[in-house]
Amino acid sequence: MKNSNSKLLRAALAMALGASLSAALPANAESTTVNGNGALSTNARIDFSVVIPRFLSFRVGTTGVTIDQITFSPTAATVGNSTPISGTGGDAGAGTAANVSVLGNGGQITISEANNSAGAGLKHATLADTISYTEITTSSSDGNLPAPALSNAGGNTSTPVLNGASSVTNRTAVWTYAYANTTIPSAGTYGTSAKGGRVTYTASMP
């Protein structure tokens, strides 16, 4: 009786170990076997799956952590004559331009603009005077990646054109800025990051 119980126990342990090893091993590919005389044919199938993560990448100006500053400096003879003024700064050469790219694969991207002026516009360094953000215009080298118009309150948006009928956006452009120069403000420096001159663009994907 003791030997019989021992054999049953060993058999049960062997079955349990075999089941455990089978569960730990990856599933085998399908296999088939045929036999007989003459020509033979058989097949075996395998399934493939590719899992792509959702992602969103956005750049305005210099890559990395650098925040470019664009400065407009009209001369005394041209202040307020409504002739647009190019500036200095940016990373795309002459004309106060910035390289822009947006890349995402999860649906229609929306780009919005905001600033740190609390709705006041670019503030004078020492006076209470301001210059409206509507005085800074933005044009894009590619209509598929338009720039949102800047505003004191923020919240304007633009939508890059999707690539084909997919949910992928892969667009690059150069955004060029100019000072419209339609007013005669008090002399001095307006804006900079400390005085309402920091614009933040945000790219959002659903």
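Odds and ends about this structure:
- Residues considered: SER117, SER166. Of these, the only one that is outside any strand (DSSP E or B) and modelled with pLDDT under 95 is SER166.
- Filter result for ASP142 (among the acidic types (Asp, Glu), open to solvent by 40 Å² or more (accessible area, probe 1.4 Å) and closer than 21 Å to GLY104 by Cβ): yes
- Qualifying residue in segment 179-198 (condition: farther than 25 Å from GLU135 by Cβ and either within 13 Å of the chain's Cα centre (by Cα) or open to solvent by 50 Å² or more (accessible area, probe 1.4 Å) (or both)): no
- Test: residue in segment 81-97 that is under 23 Å from the mean Cα position of the chain (by Cα) and not in a loop (DSSP other than H, G, I, E, B): yes
- Cβ separations smaller than 6 Å between residues 6+ apart or across chains give the following pairs from segment 81-99 residues that are on the phi < 0 side of the Ramachandran plot and β-branched (Val, Ile, Thr) to residues that are open to solvent by less than 40 Å² (accessible area, probe 1.4 Å) and part of a strand (DSSP E or B): ILE85/TYR179.
- Hits in segment 91-119 (condition: closer than 27 Å to PHE55 by Cβ, open to solvent by less than 30 Å² (accessible area, probe 1.4 Å) and small (Gly, Ala, Ser)): ALA97, ALA98, GLY104, GLY106, GLY107
- Of all residues in segment 51-66, those that are part of a loop (DSSP other than H, G, I, E, B) and surrounded by 12 or more Cβ atoms within 10 Å (Cβ to Cβ) total 2.
- The condition (being of a type in the set (S, T, N, Q), in contact (Cβ under 8 Å) with a residue 60 or more places away in the chain and at positive phi) is satisfied by just one residue among THR192, THR200, THR172: THR192.
- Among the residues of segment 120-139, just one is of a type in the set (Gly, Ala, Ser), open to solvent by 60 Å² or more (accessible area, probe 1.4 Å) and assigned to a loop (DSSP other than H, G, I, E, B), namely ALA128.
The values are calculated or read from the model by the stated rules, or taken from the named source; none is laboratory data. The shown structure was predicted, so the numbers you read here are calculated from the model rather than taken from an experiment. All Cβ positions, even for glycine, are placed from backbone atoms using ideal geometry, and neighbour counts span all protein chains on display. Protein only, heavy atoms only, side chains kept; ligands, DNA and RNA dropped before computing areas. Shrake-Rupley method; radii C 1.70, N 1.55, O 1.52, S 1.80 Å.
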